[in-house]
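**Q** Handing you a structure now.
Read-outs throughout are calculated quantities, based only on the coordinates presented, and are distinct from any laboratory measurement. The structure displayed is predicted, hence computed values, not measured ones. Note that each Cβ is placed from the backbone with ideal geometry, even for glycine, and that neighbours are counted across all protein chains shown.
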C-alpha cells in the first residue's frame, strides 16, 4: 500500500535547485509528483539541469516521476515555487 511520505514547497531559482533529495538506502520511493504553483515554466531534471535540457512544467501543471534519485529544478528568471508529494 502506498503512503505519502513527505510534502513540501520549494523556491526554484536560476541555478539548479534541489527540489527533493534522493531516497535513503532501504527506502522505496514509488513516485514524486511536482506541481508548479507559480506563473512561469519550471524545468526539471538532474543536478546539471538547464532551461535547455530540463523537462518543462508549465504554470499550474504537474509531473509525476517514478524515480528514487534527486530531482532538481531551474527557471529562466527570478524564482518560482513548486510543491511536491512523495509516495513510498
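**Q** Fewest to most neighbouring Cβ within 10 Å: what's the order for 42, 32, 82?
**A** Fewest to most other Cβ atoms nearby, the residues stand as 32, 82, 42.
**Q** Further, regarding this structure: Starting from the Kirkwood Rh over alpha-carbon pairs, what translational D in µm² s⁻¹ does the stretch 4-87 have by Stokes-Einstein at 37 °C and 0.692 mPa s?
**A** Result for D is 263 µm²/s.
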